[in-house]
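Q: Submitted below is the structure of interest, expressed as structure tokens.
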Amino acid sequence: MLGKLDWSAIPFDQPIPLIAGAIVLIAILGVLVWVVVKGHLPYLWHEWITSVDHKRIGVMYILLASVMLLRGGSDAIMMRIQQAVAYQSQGYLPPEHYNQIFSAHGTIMIFFVAMPFVIGLMNLVVPLQLGVRDVAFPTLNSVGFWLTATGALLVNMSLVIGEFARTGWLAFPPLSELSYSPGVGVDYYAWSLQISGVGTLVAGINLVTTVLKLRTRGMNYLRMPMFCWTTLASNLLIVAAFPILTATLAMLLLDRYLGFHFFTNEAGGNVMMFMNLIWAWGHPEVYILVLPAFGIFSEVVSTFSGKVLFGYRSMVLATMAICVISFMVWLHHFFTMGAGPDVNAIFGIASMIIAIPTGVKIYNWLFTMYGGRIRFATPMLWSVGFMVTFIIGGLTGVLVAVPPADFMLHNSMFLVAHFHNVIIGGVLFGAFAGFEYWFPKAFGFRLDERWGKAAFWFTFLGFYVTFMPLYIAGMLGMTRRMQHYDVAAWRPWMIIAALGMAVLTIGVICQIMQLVVSIRNREALRDRTGDPWDGRSLEWATSSPPPVFNFAFNPDVRGEDAYWDMKVRARQQSLEHDRPEYQDIEMPRNSPTGFVCAFFATIMGFALIWHIWWMVILGGLGAFATFVVFAWRDHDEYVIPAEEVAAIDRVNIEERRGLVSMAGAV
Amino acid sequence: MNLLDPQGPVAAANSTILVDSVFIMLAIVVPTIIAILAFAFWFRASNTRARYQPDFVYSGRVEMVVWSIPALTVILLGGVAWIGSHQLDPAAPVPGTGSPVRIQVVSLDWKWLFIYPDQRIATVNTLTVPAGAELNLQLTSSSVMNTFFIPQLGSMIYTMNGMVTKLNLRADNEGKLQGLSGHFSGDGFPDMMFDVNVISPLAFPDWVAATAKTDAVLNEASYKKLMQQGIEKGRPTYRLDDPRLFDLIATQHIPPGPGPELVSEAGRPHSGGHDAR
């Protein structure tokens, strides 16, 4: 009846996951009870859960990422403490637990923190920057988000029901095959990623279509803000790369469920095939994450320097070059497999070539600052912190692209330090910069600057104290994923890294405090102009938060930095809109399709993991039926009457009149 | 296990390339970081002496320079990578004094088996080699993947079931080194550290003779016992019964090692990691 599921699946003998799970469960139940008792449920259902508004979905993506950041961060804290204490002892985490933690940490941080964070920001901002009312496929957008949430939920379920993978975040066979990982851990891993992978693919298709097909009047490709370009590049990569992940995991699942032999040791399976395929997705994946971050930094540096982005066309070229080359370098993840020198050298050099457009980007940000008037608001701090940190990560990245150097550093703590250097210093700093920068747009009030700056400095310093020692440990021969060790020389560096983790944790606490303080002081921090940073692109041309239709009129774009341009012209000619003719606006209706579909997908995923076949059929049919019902619906749009549009827009124009802008001083 | 304290020519060459590459890159990275901090500081909004140039948004000359600096660096490093990859190919010969020593390495769950087919002996978790001689290693795995890595001798390489990788090394100085696995392989992975004893070429035959006197014999039957999941705290040695044992393993005539023994059908099987503690 319940497949492999029975009471032995609950780890009664392991207090840590049980207590953690209980706390989370109580917290979730508490919030649910509060929502129901206070009568917020209808609001939540109509305004958020069933919303197809790209801004709402973007916010929910970021919320998911933030919650999962706390989970992945707790894993990181546990790992750093374990490695600090497990010298000549077993530490406090037994291997089967420690191995789950580092696997979950990697999986969560990449798939359920970094991905939803950048996709959330793209969702929130790109339609606004393009001057349009919504993304190309609003309901599909909601489906994508909820499927991602399903994946995150399944990963967290594994904490208390069964186990998570103990194979590392890429589940390399043959270790991940049934003979060496007979438990449900790898199944949790694979099905979570299969389901959330569909969500990511859908989001990618949606955003590519949005950028290619839905730009406002005059917004031709070379007038798009840099963030739109990086969004395009990143989502093209998603569309091209995620099917590879899906296919690879499907093959692994066929091995595990139906006795196939794609990657087994026996019967002609080939483990290196998995290696190649997973990295053919995995390397583009890091650019999927970092390209949007590059876009965010481009926006932030340009805005806070009070200048147009330096070398815009060069930046576009560099972005698209990275997009293409990133598909040609996957083999550098396994130089040590013993391929010939020609293969290694070619892939090594191809990997280095990516450093050229990346370096160009750094220099273009540098020259954007040159001759600027730089305001060091929190987003700008993250950006300068990023530039310095990312260069160091780039240096070590090019270093491991040199095959003979990689022969010493492959899979070492040096490598761990390298990819945290670029993912924290690049993606996470970018996500935080974007969060600080666009928060006022999403919610209509700014974030507290003092807590924001404290968060930056603690995170920045904490990063260096945590990860520089790992570089050194790597130079001392320490490889990754060690549950315990006996080498005295590594010990001091592990202790320093654990202290650095404490500093990083303070940074995260500051970030939470910033949110709490800002929400409490929201009236004082209120931004009525819709343009708190003296911005340059179209998202600042509408109110904060924007009305559901974003713009009363589709803006007319006449050059780069469209909104800056408008402000300059408005100032020079002291022109205002003369009595515009408002028209009815059609907007997509809310739809529970995404939520219901994800509900059934969760059931199906859980049932697949535990081999509960009747439930698999139930979940699958439910998810399919949801789509059929959606496809048959008659009314997919509703009309906002012109008077209502006019009323909302006039308020916005009134607020904006008093705006003092640097744009006029030009 | 310091990478910058190499004990053989391969590691020395690896670490030279590593250090050289770092310095080549530092030559542009350090000025760039200084420029970032300097520009950010000088052009702060509160600095009245800095000139605001909002129209400085394109300069062909600057573009030329910013594309060339990374490109030139990469051309230089690309040369290093190309030459280095060929000279330091793991399978490239590493000439040494005396006759080369053939060693066949098998990664087991979770220990290392070193077979000396010519000397007809085998050891677990200790690799004893003569100083100065070329070491011809052939590597495979009994089950899951690992990497064989002696940091101070250089060139990490995968071990894979059903496949053989080749690695040539040389240890120049007598002494004790340590090796380990770099590719996560399961619960006993951290216990896959092994000793490397580099002894004088004169003492090596004595060591071989002493080791060959052991009663323990390595053949298919005892190998199958050895490849069960578990951790080996001791340093057992064997007399090698069949010098073709490695080929039997690598060609899968001896099937891959078993995984954990299933205790319950439920989601959390108890694995070898438990015996480890």
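Q: Only residues that are in a helix (DSSP H, G or I) and surrounded by fewer than 23 Cβ atoms within 10 Å (Cβ to Cβ): list them for region A:256-277, please.
A: Taking region A:256-277 as the starting set, the residues that turn out to be in a helix (DSSP H, G or I) are A:256-258, A:271-277.
Matches in region A:256-277: A:ARG256, A:TYR257, A:LEU258, A:MET272, A:MET273, A:ASN276, A:LEU277.
Q: Hey, among A:VAL384, A:VAL388, which residue is surrounded by 23 or more Cβ atoms within 10 Å (Cβ to Cβ), part of a helix (DSSP H, G or I), facing another protein chain (nearest Cβ under 7 Å) and aliphatic (A, V, I, L, M)? Write out each step before concluding.
A: Values: A:VAL388 fails: surrounded by 23 or more Cβ atoms within 10 Å (Cβ to Cβ).
Result: A:VAL384 is the single residue among A:VAL384, A:VAL388 that is surrounded by 23 or more Cβ atoms within 10 Å (Cβ to Cβ), part of a helix (DSSP H, G or I), facing another protein chain (nearest Cβ under 7 Å) and aliphatic (A, V, I, L, M).
Q: Filtering region B:1-11 down to residues that are touching a strand residue (DSSP E or B) at 6+ places or on another chain (Cβ under 9 Å) and either within 7 Å of another protein chain (Cβ to nearest Cβ) or within 19 Å of A:MET387 (Cβ to Cβ) (or both), which residue is surrounded by the most Cβ atoms within 10 Å (Cβ to Cβ)?
A: B:LEU3
Q: With the requirement that a residue be at the interface with chain A (Cβ under 7 Å from one of its Cβ atoms), surrounded by 15 or more Cβ atoms within 10 Å (Cβ to Cβ) and either modelled with pLDDT under 85 or under 19 Å from A:PHE164 (Cβ atoms) (or both), what does region B:239-275 give you?
A: Listed by number, the residues that qualify are B:GLY259, B:PRO260, B:ALA266, B:GLY267, B:ARG268, B:PRO269, B:SER271, B:GLY273.
Q: Mind listing just one residue for me: the one in region B:46-73 that is more than 48 Å from the chain's Cα centre (by Cα) and more than 18 Å from A:LEU309 (Cβ to Cβ) and, of those, farthest from the other protein chains (Cβ to nearest Cβ)?
A: Top of the filtered list is B:ARG49.
Q: Say whether the condition of being free of Cβ contacts under 8 Å to residues at least 40 places away in the same chain and facing chain B (nearest Cβ under 7 Å) is met by at least one residue in region A:367-380. Even if it seems obvious, please write down each step before you answer.
A: Of all residues in region A:367-380, those free of Cβ contacts under 8 Å to residues at least 40 places away in the same chain come to none.
For region A:367-380, residues free of Cβ contacts under 8 Å to residues at least 40 places away in the same chain and facing chain B (nearest Cβ under 7 Å): absent.
Q: Right, another one. State all residues of region A:321-339 that are away from chain B (no Cβ under 11 Å), in a helix (DSSP H, G or I) and of a type in the set (A, V, I, L, M, F, W, C); if no residue qualifies, say none.
A: Across region A:321-339, the qualifying residues are A:ILE322, A:CYS323, A:VAL324, A:ILE325, A:PHE327, A:MET328, A:TRP330, A:LEU331.
Q: Can you find a residue in region B:23-42 that is within 7 Å of chain A (Cβ to nearest Cβ), among the small types (Gly, Ala, Ser) and within 30 Å of B:GLU174 (Cα to Cα)?
A: For region B:23-42, residues within 7 Å of chain A (Cβ to nearest Cβ), among the small types (Gly, Ala, Ser) and within 30 Å of B:GLU174 (Cα to Cα): absent.
Q: Another one. Just to be sure before I move on: is A:MET79 on the phi < 0 side of the Ramachandran plot, of a type outside the set (D, E, K, R), free of Cβ contacts under 8 Å to residues at least 60 places away in the same chain and surrounded by 17 or more Cβ atoms within 10 Å (Cβ to Cβ) in the structure I sent?
A: Numbers: on the phi < 0 side of the Ramachandran plot: yes; of a type outside the set (D, E, K, R): yes; free of Cβ contacts under 8 Å to residues at least 60 places away in the same chain: yes; surrounded by 17 or more Cβ atoms within 10 Å (Cβ to Cβ): yes.
So A:MET79 passes the test.
Q: Quick one: which residue in A:ILE374, A:ILE346, A:ILE322, A:ILE362 is surrounded by fewer than 22 Cβ atoms within 10 Å (Cβ to Cβ), hydrophobic (A, V, I, L, M, F, W, C) and on the phi < 0 side of the Ramachandran plot?
A: Details: A:ILE374 fails: surrounded by fewer than 22 Cβ atoms within 10 Å (Cβ to Cβ); A:ILE322 fails: surrounded by fewer than 22 Cβ atoms within 10 Å (Cβ to Cβ); A:ILE362 fails: surrounded by fewer than 22 Cβ atoms within 10 Å (Cβ to Cβ).
Selected residue: A:ILE346, the only one of A:ILE374, A:ILE346, A:ILE322, A:ILE362 that is surrounded by fewer than 22 Cβ atoms within 10 Å (Cβ to Cβ), hydrophobic (A, V, I, L, M, F, W, C) and on the phi < 0 side of the Ramachandran plot.
Q: When you scan region A:637-651, do you find a residue that is within 22 Å of A:PRO138 (Cβ to Cβ), part of a helix (DSSP H, G or I) and among the hydroxyl-bearing types (Ser, Thr, Tyr), even just one?
A: Looking through region A:637-651, none of the residues is within 22 Å of A:PRO138 (Cβ to Cβ), part of a helix (DSSP H, G or I) and among the hydroxyl-bearing types (Ser, Thr, Tyr).
Q: Okay, next question. Within the set of pairs 6 or more residues apart or between chains, which connect a residue that is over 13 Å from B:VAL208 (Cα atoms) inside region B:111-124 to a residue that is assigned to a strand (DSSP E or B) and of a type in the set (D, E, K, R) with Cβ atoms less than 6 Å apart?
A: Between residues of region B:111-124 that are over 13 Å from B:VAL208 (Cα atoms) and residues that are assigned to a strand (DSSP E or B) and of a type in the set (D, E, K, R), the close pairs are B:VAL124/B:LYS111.
Q: Tally up the residues in region A:170-185 that are closer than 17 Å to A:PRO11 by Cα, crowded, with 22+ Cβ neighbours inside 10 Å and at the interface with chain B (Cβ under 7 Å from one of its Cβ atoms), please. Let's see the steps before the verdict.
A: First pass over region A:170-185, keeping only residues closer than 17 Å to A:PRO11 by Cα: A:182-185.
From what's left, crowded, with 22+ Cβ neighbours inside 10 Å: A:183-185.
From what is left, the residues that are at the interface with chain B (Cβ under 7 Å from one of its Cβ atoms) are A:183-184.
Qualifying residue count for the region: 2.
Listed here are the residues, each with its yes/no results for (1) within 24 Å of B:LYS233 (Cβ to Cβ); (2) buried (at least 22 other Cβ atoms within 10 Å of the Cβ).
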residue	(1), (2)
B:THR126	yes, no
B:VAL144	yes, yes
B:ILE150	yes, yes
B:GLY154	no, yes
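So that you can scan it fast, the table gives a plain yes or no per residue for (1) touching a Ser or Thr at 6+ places or on another chain (Cβ under 8 Å); (2) basic (Lys, Arg); (3) not in a helix (DSSP H, G or I):
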residue	(1), (2), (3)
A:ARG56	no, yes, no
A:ASP75	no, no, no
A:ILE119	yes, no, no
A:MET122	yes, no, no
A:VAL125	no, no, no
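Q: Something else: Within region A:3-25, track down each residue that is charged (D, E, K, R) and either closer than 20 Å to A:GLY605 by Cα or assigned to a helix (DSSP H, G or I) (or both).
A: A:LYS4, A:ASP6
Q: Same structure again: Could you tell me which numbered condition A:ALA318 fails, if it satisfies all but one of (1) in contact with a Lys or Arg (Cβ under 7 Å, 6 or more places away or on another chain); (2) within 22 Å of B:ILE69 (Cα to Cα); (3) touching a residue at least 60 places away in the same chain (Cβ under 8 Å)?
A: Condition not satisfied by A:ALA318: (3).
Q: Only one of (1) surrounded by fewer than 24 Cβ atoms within 10 Å (Cβ to Cβ); (2) over 18 Å from the mean Cα position of the chain (by Cα) is not met by A:HIS283, so which one is it?
A: Condition not satisfied by A:HIS283: (2).
Q: List the number of the failed condition for B:ASN14; all other conditions in (1) more than 21 Å from A:ILE362 (Cβ to Cβ); (2) part of a helix (DSSP H, G or I); (3) more than 7 Å from chain A (Cβ to nearest Cβ) hold.
A: (3)
Q: Right, something else. Which numbered condition in (1) under 28 Å from A:SER103 (Cα atoms); (2) within 7 Å of chain B (Cβ to nearest Cβ); (3) hydroxyl-bearing (Ser, Thr, Tyr) is the only one that A:TYR363 fails?
A: Every listed condition holds for A:TYR363 apart from (1).
Q: Right, here's the next one. Look at region A:261-274 and say how many of its residues are among the aliphatic types (A, V, I, L, M) and more than 9 Å from chain B (Cβ to nearest Cβ).
A: Keep residues of region A:261-274 that are among the aliphatic types (A, V, I, L, M), which gives A:267, A:271-273.
Narrowing further to those that are more than 9 Å from chain B (Cβ to nearest Cβ): A:267, A:273.
The qualifying residues number 2.
Q: Could you tell me whether region B:200-214 includes any residue that is under 27 Å from A:TYR180 (Cβ atoms) and part of a loop (DSSP other than H, G, I, E, B)?
A: First, pick out the residues of region B:200-214 that are under 27 Å from A:TYR180 (Cβ atoms): none.
No, the conditions are met nowhere in region B:200-214.
Q: Please go through region A:1-59 and pick out each residue that is charged (D, E, K, R) and more than 14 Å from chain B (Cβ to nearest Cβ).
A: Of the residues in region A:1-59, the ones charged (D, E, K, R) are A:4, A:6, A:13, A:38, A:47, A:53, A:55-56.
Those that are charged (D, E, K, R) and more than 14 Å from chain B (Cβ to nearest Cβ): A:LYS38, A:GLU47, A:ASP53, A:LYS55, A:ARG56.
Q: Of the residues B:SER85, B:SER107, which single one is buried (at least 19 other Cβ atoms within 10 Å of the Cβ), free of Cβ contacts under 8 Å to residues at least 12 places away in the same chain and not in a loop (DSSP other than H, G, I, E, B)?
A: Numbers: B:SER107 fails: free of Cβ contacts under 8 Å to residues at least 12 places away in the same chain.
After ruling out the rest, the residue left standing is B:SER85.
Q: Moving on. What single numbered condition from (1) closer than 19 Å to B:ALA91 by Cα; (2) without any contact (Cβ under 8 Å) to a residue 60 or more places away in the chain; (3) more than 14 Å from chain A (Cβ to nearest Cβ) fails to hold for B:LEU202?
A: (1)
Q: Which members of region B:34-60 meet the condition of being part of a helix (DSSP H, G or I), at pLDDT 90 or above and surrounded by fewer than 18 Cβ atoms within 10 Å (Cβ to Cβ)?
A: Selection gives B:ILE34, B:ALA35, B:LEU37, B:ALA38, B:PHE41, B:TRP42.
Q: Going by the structure shown, is A:ALA497 buried (at least 20 other Cβ atoms within 10 Å of the Cβ), among the aliphatic types (A, V, I, L, M), more than 13 Å from chain B (Cβ to nearest Cβ) and over 30 Å from B:SER185 (Cβ atoms)?
A: Details: buried (at least 20 other Cβ atoms within 10 Å of the Cβ): yes; among the aliphatic types (A, V, I, L, M): yes; more than 13 Å from chain B (Cβ to nearest Cβ): yes; over 30 Å from B:SER185 (Cβ atoms): no.
The answer is no for A:ALA497.
The values are calculated or read from the model by the stated rules, or taken from the named source; none is laboratory data. Just so you know, these numbers come straight off a predicted model, no measurement behind them. In this analysis, Cβ positions are derived from the backbone assuming ideal geometry, glycine residues included, and neighbour counts consider all displayed protein chains.
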